[in-house]
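A short write-up of the structure that comes next.
FYI, it's all coordinate maths here, none of it is from the lab. Bear in mind the structure is a predicted one, so any value in this text is a computation, not a measurement. Here the Cβ positions follow ideal geometry from the backbone for every residue, glycine too, while neighbour counts run over all protein chains shown.
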Amino acid sequence: MYHTATHLLHKALRIVLGDHVAQKGSNITTERLRFDFSHPQKVTPEEIKKVEEIVNEQIQKDLKVSVEEMTVEEAKKSGAIGLFENKYGDIVKVYTIGDFSKEICGGPHVEHTGQLGKFKIIKEEAVSAGVRRIKAILEK
């Protein structure tokens, strides 16, 4: 579940903060997600609220989540975003969430976003210069 939520979060951050936002790492468990991303300053409470609203809108839309396997080059050409630096093999999984998000990921994912529950950011903090971290949960 949290892999799907991470994709929604990544796209929402890019919408609210700008296209410079890129994933710098993540740690996903069955209880929460941690997402590190490039951004030069603290995310304001207003921006956090807007990101949560966007993610929860996509959850409420119950978007279909689909997966395709392709080469890294095909993934890049298709517009998928993700960490491309040798993290994956020659063939990658590209998850598409409705018309909202398309990312490379190892999974697992839900079949529809409506299965996620309510998305809530519980903490935003600095990790290093130019890198921020968000910790979030899904509430049923």
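Hey, for a label at ASP90 modelled as a point 7 Å past Cα toward Cβ, could you say which residues of the stretch 56-77 have their backbone N under 20 Å away? Those under the cut-off are 68-77. Classification of the stretch 1-46 by its C-alpha gyration tensor yields a prolate form. The axis ratio a/c (a ≥ b ≥ c) is 1.5 or more, and a/b outweighs b/c.
Sites listed here are trypsin sites (Lys or Arg not before Pro) in the stretch 1-82 whose DSSP assignment is loop and whose Cβ has at most 12 other Cβ atoms within 10 Å: LYS42. For the stretch 2-139, the Kirkwood estimate of the hydrodynamic radius, built from every pair of different alpha carbons, is 15.0 Å. Of VAL16, VAL127, VAL51, which has the largest mean-square fluctuation in a 10 Å C-alpha GNM of the chain? Checking each option, the largest mean-square fluctuation is seen for VAL127. With a Förster radius of 41 Å applied to the C-beta separation of VAL67 and ALA129, the computed FRET efficiency comes to 0.70.
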